[in-house]
Ligand code: NIG
Ligand code: FE
């Protein structure tokens, strides 16, 4: 066993409900706290001196100076495996060009597909690991990573195999998701339905066979896949044993309903969600994931996180880090900005980037510092945990611990 501390504050997030609004008074804050770790798990969190007296023989890791500790963060939605860069899209968008004009001048998702297809595998792996390291340094130790820039058997499998390879080389836990249904690629000779059938027949069986992902995602939107064809696809993917997640209601409302109907683990984006979607999400186990990085990258409105929480939904916050709509990648900055615009409490934001986003990935062993949970936590050099969001991402983490060990 190992004892780490003392921390000025340990914010445990213990005993908070999975869904709905939270007040900051509900936060458990242990002053002068310590974290006792047994193997990879938390044995106990409590007063440091008491834990030391109770466990005189354990190895200790002393924390010097004022620091706070929190559960490590979980980013439940990223597209960080990609080739190339879309800075020109960003500049054109800001200069007033439309989606169509940007696509016609060689930008958009299709341009990332072309870059990713032609990128050498070691280059893709290297840049993926660099982005993982950036997230780890923010205190994010569980990271979902989507395919979706390959869009044919060969290249989707290439992406997912690279994500698997990255898992061997990082301490972060990666959760791969197959997003072959990101867009029908321009070189596919057939309809949307035919492309979705091709994914079901040609891609998903191989993903299963090689154990490359347990989750399937789709982009339901006017410019991508339509609601009815998507529903048929998702039900079939579910029958094959995949968990489902959906890019829903980003620009057009309606697809959150499909996400709930198919029992998706999460519906992500939701910037355009209307009352019907909010009500459906509020009574389902489908996590409503806000992606403020996409709102910031596109200059679009934020996900109505306040309304979703008030209605009782399970609200997570993720970065959506991708080369097009969300190039920033700093989940802490984004969550803090979302809080300011949507009027979220600190407890709601911290829950949204820990145990609630973990639940979006159906990982219930992390995101709270309590007995039996995975001993992943992050520390900051401050005496007051409020400074983390207050500094809007500029307060750097001091230590990141995975399975109780500093990385
Ligand atoms: O989540 N909305 C669709 N997919 C991504 C954007 C991907 C891209 O532009 O490359 C998103 O925002
Ligand atoms: Fe996305």
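Only helices (runs of 4 or more DSSP H) whose full extent lies in the stretch 12-128 are considered here, and the ones with at least 2 residues that are more than 21 Å from residue 365 (Cα to Cα), within 15 Å of ligand 1 (Cβ to nearest atom) and under 21 Å from the mean Cα position of the chain (by Cα) are 109-118. Of the residues examined, residue 244 is one that is assigned to a strand (DSSP E or B) and surrounded by fewer than 24 Cβ atoms within 10 Å (Cβ to Cβ). Filtered by the rule that a residue be more than 24 Å from residue 335 (Cβ to Cβ), surrounded by fewer than 20 Cβ atoms within 10 Å (Cβ to Cβ) and within 16 Å of ligand 1 (Cβ to nearest atom), the stretch 247-274 gives 252, 254.
In the stretch 129-162, the qualifying residues are those that are more than 15 Å from the chain's Cα centre (by Cα), in a helix (DSSP H, G or I) and within 16 Å of ligand 1 (Cβ to nearest atom), and the one that is nearest to residue 351 (Cα to Cα) is 159. Only a single criterion out of (1) more than 16 Å from ligand 2 (Cβ to nearest atom); (2) modelled with pLDDT under 95 is not satisfied by residue 95, namely (2). Residue 202: away from ligand 1 (no atom under 16 Å from the Cβ) and touching a helix residue (DSSP H, G or I) at 6+ places or on another chain (Cβ under 7 Å), yes or no? Yes: the conditions hold for residue 202. All told, residue 313 falls short of being more than 28 Å from residue 214 (Cβ to Cβ), in contact with a helix residue (DSSP H, G or I) (Cβ under 8 Å, 6 or more places away or on another chain) and more than 16 Å from ligand 2 (Cβ to nearest atom).
Only one entry in 204, 169, 174, 200 is touching a residue at least 24 places away in the same chain (Cβ under 8 Å) and under 13 Å from residue 230 (Cα atoms), namely 200. Applying the criterion of being out of contact with any strand residue (DSSP E or B) (no Cβ under 9 Å at 6 or more places or on another chain) and without any contact (Cβ under 8 Å) to a residue 60 or more places away in the chain to the residues of the stretch 341-390, the residue that is farthest from residue 30 (Cα to Cα) is 341.
Residue 80 - would you say it is in contact with a strand residue (DSSP E or B) (Cβ under 9 Å, 6 or more places away or on another chain), within 30 Å of residue 162 (Cβ to Cβ), surrounded by 14 or more Cβ atoms within 10 Å (Cβ to Cβ) and in contact (Cβ under 8 Å) with a residue 60 or more places away in the chain? Yes.
The values are calculated or read from the model by the stated rules, or taken from the named source; none is laboratory data. What you see is a predicted model; the values in this text were computed from it and never measured. Note: ideal-geometry Cβ built from the backbone for every residue, glycine included; neighbour counts use all protein chains shown.
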